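The structure under discussion appears below in the form of structure tokens.
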Amino acid sequence: MRRSSVLELVHLYISFETLYGRYDRLLDYLAQPRITIGNRTPEFISKCKNLLEQRIPFDQLPDLGYVPQDSTLFKKRFDLMSTNNRAYAIAVKILPTVPELEEYSAIDPGWSTLFPLKIFLMFHEEHAQAYRGFLPFGSEVKKFYGESSMGAEIKGSPTFKDHVRLQEVTNSMAKLLGCTSVMLNNEMHLEGTKITN
């Protein structure tokens, strides 16, 4: 594996900070659309935050005006917050503990719920240092995973078993290399963007 350059990682960090901001609650990241698409206005994000806090199920939401590509993302997040008491309690807590974040990651692992957790960890370095839970298995990480000797190509959504394998490899390598699991997930993402289909 060619390690991404420090400058590539810094660029990714700064771009995420610019897009998402720094917050002390996971819910503040769950209220935000994808990076490249969707409505990123403060009003839109504030409205989503309020509705997530109220635990409104997806099928009862007013028209939020998000782009169609974000409907699956918001369905997963709104349904999780409205139906799972533990996930909700962790998401609204100011600075949840690392064990709580790891517990949250295992409740319903998927990109829609794990990507906001990754962003939270990127801006809370003390949490990221100790975190050993699941991380997002987005399309770029899937490409990297499929091209490496880590595992077979994944078609469709990763299974729970795929998430466990990625977690094991990432945590082992992070320990060996003296970095965080989040940093390795970012490196996999960056390397995956360089792989053409």
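Report, by residue number, each residue of the range 17-38 that is of a type in the set (Gly, Ala, Ser) and surrounded by 16 or more Cβ atoms within 10 Å (Cβ to Cβ).
Within the range 17-38, Ala31, Gly38 meet the criteria.
For residues in the range 137-189 being in contact with a Pro (Cβ under 9 Å, 6 or more places away or on another chain) and not in a helix (DSSP H, G or I), which is surrounded by the fewest Cβ atoms within 10 Å (Cβ to Cβ)?
The residue in question is Pro158.
With respect to Pro96, determine if the residue is touching a His at 6+ places or on another chain (Cβ under 9 Å), in contact (Cβ under 8 Å) with a residue 12 or more places away in the chain and buried (at least 18 other Cβ atoms within 10 Å of the Cβ).
Judged against the criteria, Pro96 is a match.
So for the range 9-16 (the condition being under 17 Å from the mean Cα position of the chain (by Cα) and loosely packed, with under 13 Cβ neighbours inside 10 Å), does at least one residue qualify?
yes
Which one of these does Phe134 not meet: (1) assigned to a helix (DSSP H, G or I); (2) touching a Pro at 6+ places or on another chain (Cβ under 8 Å); (3) without any contact (Cβ under 8 Å) to a residue 40 or more places away in the chain?
The one condition Phe134 does not meet is (1).
Select from the range 58-85 the residues that are closer than 13 Å to Leu27 by Cα and among the hydrophobic types (A, V, I, L, M, F, W, C) and write down the one among them that is surrounded by the most Cβ atoms within 10 Å (Cβ to Cβ).
Ranking the candidates gives Met81 first.
A quick yes/no check of all residues on (1) at pLDDT 95 or above; (2) within 16 Å of Val182 (Cα to Cα); (3) charged (D, E, K, R):
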| position | (1), (2), (3) |
| --- | --- |
| Arg86 | yes, no, yes |
| Ile94 | yes, no, no |
| Gln129 | yes, yes, no |
| Gly156 | no, no, no |
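Quick one: is Ala106 within 14 Å of the chain's Cα centre (by Cα) and surrounded by fewer than 17 Cβ atoms within 10 Å (Cβ to Cβ)?
Considered against the rule, which asks whether it is within 14 Å of the chain's Cα centre (by Cα) and surrounded by fewer than 17 Cβ atoms within 10 Å (Cβ to Cβ), Ala106 comes out as yes.
If the Cβ limit is 7 Å and pairs must be 6+ apart or interchain, which residue in the range 27-52 that is under 16 Å from Val67 (Cα atoms) and among the small types (Gly, Ala, Ser) pairs with which residue that is modelled with pLDDT under 95 and surrounded by 21 or more Cβ atoms within 10 Å (Cβ to Cβ)?
So the pair list comes out as Ala31/Cys48.
Starting from residues that are of a type in the set (A, V, I, L, M, F, W, C) and at pLDDT below 90, keep the ones in the range 39-57 and report whichever is surrounded by the most Cβ atoms within 10 Å (Cβ to Cβ).
Ile45
Only one of Ser139, Ser181, Ser157, Ser148 is of a type outside the set (Lys, Arg), farther than 22 Å from Arg77 by Cα and out of contact with any Leu (no Cβ under 9 Å at 6 or more places or on another chain). Can you tell me which?
Ser148
The values are calculated or read from the model by the stated rules, or taken from the named source; none is laboratory data. It should be emphasised that the depicted structure is a prediction, and the values quoted were computed from it without experimental measurement. Glycine also receives a Cβ, built like all others from the backbone with ideal geometry; neighbour counts cover every protein chain displayed.
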